[in-house]
Amino acid sequence: MIETRGLRKSFISRQGREKKTVEAVRGVDLNVAEGEIFGFLGPNGAGKTTTLRMLATLIEPDDGTATIAGADLRADPGEVRRRIGYVAQGGSTWDDSTAREELVLQARLYGASKAEALSRSAHVLESFQLSEYADRKCKTYSGGQRRRVDIALGIIHEPRVVFLDEPTTGLDPQSRAHMWDEVRRLRAEGMTVFITTHYLDEADALCDRISIMDNGEIVASGTPADLKREISGDVVRVGLPVSAVSAAASALEAYKLETYEDNVRLYVDDGAVAIPQILRALDAAGVPLGTIELHRPSLDDVFLTKTGRSLRES
Amino acid sequence: MKLFRDISLIFNRQMQLLLRNPVWIVVGVFQPVMYLLLFAPLLKPALGVRTNAEAYEIFVPGLLVLLAIFGGLFQGFGLIAELRAGVIERSRVTPVSRVALLLGRSLRDTVSLIAQAVIITLLALAFDLRVFLGNLLLAYLMLALISLMTSAVSYGVALVVKSEDALAPLMNTVAQPLLLLSGILLPMTYAPGWLQGVADWNPFSWAVNGTRALFRGDLGAPDVWQGLLIMAVLAVLAVAWAARLFAKSVR
Ligand SMILES: Nc1ncnc2c1ncn2[C@@H]1O[C@H](COP(=O)(O)OP(=O)(O)OP(=O)(O)O)[C@@H](O)[C@H]1O
Ligand SMILES: [Mg+2]
């Protein structure tokens, strides 16, 4: 649905007299499949917004190619615009307009007739649970309500792909959860959703596949589960009476394992699959079991191994 | 066809927001009325004319041109607010015509300027100003062209500088000499020769002369068509330039 090759963009920024070139995006290759929630995870300044703005035809790439929903970004930006929706990081509503006015205008800018724009707006307001506030000025909305209006504006024309730039930043946990539901609903309606975030849990829980971006480059891509498994698989920690450790170690010798004073740790591909097998092996050998824990590497571990920094710190 | 549709969409939206905020009408009319009441009476002796009507004939067209120039040049502030709110970026991801993004706004400015001009003309009529309707309409055309041009320039500059802090001094620096050298407040006929020579290079001085000729009832004066032509050409250039900026990257 989205395919990019070697996308690049640098900015010249002036600091006083000095001119500095910032390489915001340096060669991004992406493949986003139809109907998935694709996540772009990266710290501040990684180049997420710049990539999105290129894909949304707002700025021209310095180099590289992209096809979005079948339209060529370079050759036919007009067609790309018709097929995509874009929700900017900083919002897009005007204080003195109401949500309904904004939606009707946006639908009409996409070519809808007045009647069509009105009915679509009513429908979208309904599905985003905004009907109650629809005719109040945007400046009176809460952060979460206003963000939902932004998303509604981005999908009013039923695009095949929608780009959401940090849709949950600044929202409280409840509004975030609400927003996740909205995004999943868009996928259920058949839309491809391209979302940026710097929340690990969001990338993990919401996205079907992610690319981790740092410093203008993609450092890793895959499903959150695959990425984490790539690190080391899962760790199963089996707590035992001290006397039972050696018996457990021999019963589990088929696994890659390390023994400690009162536990053994097994490195497995998929802990969820391994745990029942481990339990059966220990049971068959008559080893008394204390505790069993599954540790999963987090996306932060992935980021750490790829960049040498923790995403939480940056 | 799409262009006209897009222009009217943007225009209607802008007009709706403008009318929702009626403060501009009070501010926009109060100031010129002050000029009419407090400044114009000084003019009768200064201009060496016999009647109030004659003084207004010179002063009112100048005042209207002044409003058109300044009203237009400061429209960029509104655009910067829209840029900041993300409204412009939101428009630019749609297939809407980029020319319409500019013209919809500039036409709103032009319409509100003409509304202001009508109010002022009506007041001046109460002070014995007399002008033929046809000439008045041509004068309004001149004002519309000026306002279209200055607001397009202001939007273009706003898109380049992107900040109020840069726009305000820039617009003032441009506007002051233009104003002084246009003979808006007093006709340049009283200026020394070298100053008149400089003023001839100021397009607005042609516009003011043309508008004054119209208010005088001198439709045949070359000032009229020259002023209109110069303003029309400049308006087209300004619109083309600013529309291109709307199409280019904006942040
Ligand atoms: N218009 C611009 N002019 C100059 N530099 C820019 C411009 N836009 C972006 N940059 C720079 O490009 C780099 C990438 O910025 P970008 O906004 O794409 O990051 P991001 O990943 O979206 O970050 P965040 O999570 O903070 O939104 C940054 O160093 C930024 O300062
Ligand atoms: Mg960003």
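Among the residues that make up the range B:33-56, is at least one of them within 14 Å of chain A (Cβ to nearest Cβ) and either buried (at least 17 other Cβ atoms within 10 Å of the Cβ) or basic (Lys, Arg) (or both)? Working first, answer last.
Just the residues of the range B:33-56 that are within 14 Å of chain A (Cβ to nearest Cβ), to begin with: none.
Among the residues of the range B:33-56, not one is within 14 Å of chain A (Cβ to nearest Cβ) and either buried (at least 17 other Cβ atoms within 10 Å of the Cβ) or basic (Lys, Arg) (or both), which makes the answer no.
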_Any residue at all in the range B:151-170 that's more than 22 Å from A:Asp95 (Cβ to Cβ), more than 14 Å from every other protein chain (Cβ to nearest Cβ) and surrounded by fewer than 20 Cβ atoms within 10 Å (Cβ to Cβ)?_
yes
*Candidates A:Gly35, A:Gly45, filtered to the one that is within 14 Å of ligand 2 (Cβ to nearest atom) and either in the same structural domain as A:Ser211 (by TED's automatic domain parsing) or under 16 Å from the mean Cα position of the chain (by Cα) (or both)*: A:Gly45
*Could you tell me whether any residue of the range A:44-65 is surrounded by fewer than 21 Cβ atoms within 10 Å (Cβ to Cβ), more than 9 Å from every other protein chain (Cβ to nearest Cβ) and touching a helix residue (DSSP H, G or I) at 6+ places or on another chain (Cβ under 6 Å)?*
no
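Would you say A:Thr57 is on the phi > 0 side of the Ramachandran plot and either free of Cβ contacts under 8 Å to residues at least 60 places away in the same chain or within 13 Å of ligand 2 (Cβ to nearest atom) (or both)? Before the answer, list the steps.
Working: on the phi > 0 side of the Ramachandran plot: yes; either free of Cβ contacts under 8 Å to residues at least 60 places away in the same chain or within 13 Å of ligand 2 (Cβ to nearest atom) (or both): yes.
Against the criterion (on the phi > 0 side of the Ramachandran plot and either free of Cβ contacts under 8 Å to residues at least 60 places away in the same chain or within 13 Å of ligand 2 (Cβ to nearest atom) (or both)), A:Thr57 qualifies.
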*Just checking, which of A:Gln89, A:Gln106 is in contact (Cβ under 8 Å) with a residue 12 or more places away in the chain, surrounded by 14 or more Cβ atoms within 10 Å (Cβ to Cβ), at the interface with another protein chain (Cβ under 10 Å from one of its Cβ atoms) and away from ligand 2 (no atom under 16 Å from the Cβ)?*
A:Gln106
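Test A:Asp95 against the stated conditions and say whether it is away from chain B (no Cβ under 11 Å) and either modelled with pLDDT under 95 or crowded, with 20+ Cβ neighbours inside 10 Å (or both).
no
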*Report, ordered by the first and then the second residue, all pairs with beta carbons closer than 7 Å, sequence separation of six or more or different chains, a first member in the range A:158-175 that is under 22 Å from A:His123 (Cβ atoms) and away from ligand 2 (no atom under 12 Å from the Cβ), and a second member that is part of a strand (DSSP E or B) and of a type in the set (S, T, N, Q).*
A:Arg160/A:Thr192; A:Val161/A:Thr192
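If you go through the range A:139-147 one residue at a time, do you hit one that is open to solvent by 40 Å² or more (accessible area, probe 1.4 Å), closer than 27 Å to A:Arg176 by Cβ and within 12 Å of another protein chain (Cβ to nearest Cβ)?
Step one: of the range A:139-147, the residues open to solvent by 40 Å² or more (accessible area, probe 1.4 Å) are A:139-140, A:142-143, A:146.
Right, trim to closer than 27 Å to A:Arg176 by Cβ and you get A:139-140, A:142-143, A:146.
Within this subset, residues satisfying the condition of being within 12 Å of another protein chain (Cβ to nearest Cβ) are A:139, A:146.
Among the residues of the range A:139-147, at least one is open to solvent by 40 Å² or more (accessible area, probe 1.4 Å), closer than 27 Å to A:Arg176 by Cβ and within 12 Å of another protein chain (Cβ to nearest Cβ), which makes the answer yes.
Every residue, every condition in (1) farther than 30 Å from A:Val104 by Cα; (2) without any contact (Cβ under 8 Å) to a residue 60 or more places away in the chain; (3) outside any loop (DSSP other than H, G, I, E, B); (4) among the aliphatic types (A, V, I, L, M), yes or no:
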{"site": "B:Ile10", "(1), (2), (3), (4)": "no, no, yes, yes"}
{"site": "B:Arg13", "(1), (2), (3), (4)": "no, no, yes, no"}
{"site": "B:Trp24", "(1), (2), (3), (4)": "no, no, yes, no"}
{"site": "B:Val29", "(1), (2), (3), (4)": "yes, no, yes, yes"}
{"site": "B:Leu36", "(1), (2), (3), (4)": "yes, no, yes, yes"}
{"site": "B:Ala40", "(1), (2), (3), (4)": "yes, no, yes, yes"}
{"site": "B:Val60", "(1), (2), (3), (4)": "yes, no, yes, yes"}
{"site": "B:Leu66", "(1), (2), (3), (4)": "yes, no, yes, yes"}
*Subset tally (residues that are more than 16 Å from ligand 1 (Cβ to nearest atom) and either closer than 22 Å to A:Val302 by Cα or in a strand (DSSP E or B) (or both)) for the range A:23-65*: 6
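The values are calculated or read from the model by the stated rules, or taken from the named source; none is laboratory data. All values derive from a computational prediction rather than experimental measurement. Cβ atoms come from the backbone with ideal geometry, glycine included; neighbour counts cover every protein chain shown. Just so you know, the surface numbers come from the protein's heavy atoms only, side chains and all, with ligands and any DNA or RNA stripped out. Shrake-Rupley method; radii C 1.70, N 1.55, O 1.52, S 1.80 Å.
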